[in-house]
Amino acid sequence: MRNFRRVLVLLALLVFFLPGQVQAALYDEIQESLICPACLDDRMTVAACQDSTAEETRQDIHKRLSSGQTKDEIIQAYVAKYGDIILTVPEKSGFNILAWVLPPSALLGGTCYVYYAVNNWVRNSQKRKPRKKSKSTLDSVDQERVNEEMLKYL
């Protein structure tokens, strides 16, 4: 019976404190997902900006969370008001998908290009190397004649 009471008290405490922690985590995520409307040129997040507009935005986010709106609903409300430029990270749809696809594709393509260029370079340099002269294989008659000619001039 004692253990049951302890578990019940623990659950009551969790129910009391957990929603606040979840809401605080959502609050922080939303602040990091949005750029302060006054700092669009500097690209500062709502969490980082110390402007009065950022403070108003933080209060609005808190008010919206308290009224029961989800993270996506709050972010979509700001996108509807300011456009996609308010987002710190572009959405993964439409034309914005290029921001996610092009950098890794360019890196992969560049790596493949360098690999094939170096491979081709090495292959061509091996073809151009002069071959070592092999010792001539003269028959004995020709070798004797060469030796006689060398003795004449030396």
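Worth pointing out:
- From most to least packed by mean Cβ count within 10 Å, the peptides 84-97, 54-67, 112-125 give 54-67, 84-97, 112-125.
- If the segment from residue 72 to residue 40 were pulled out straight at 0.36 nm per residue, it would be longer than the present Cα-Cα gap by 9.5 nm.
- Charge dipole (Cα centre; +1 on Lys/Arg Cβ, -1 on Asp/Glu Cβ; no other charges) of region 39-90 amounts to roughly 200 debye.
No value in this document is a laboratory result; all are computed from the given coordinates. All of these numbers come straight from a predicted model, not from anything done at the bench. No Cβ is skipped: glycine too gets one built from the backbone with ideal geometry, and neighbour counts run over all protein chains shown.
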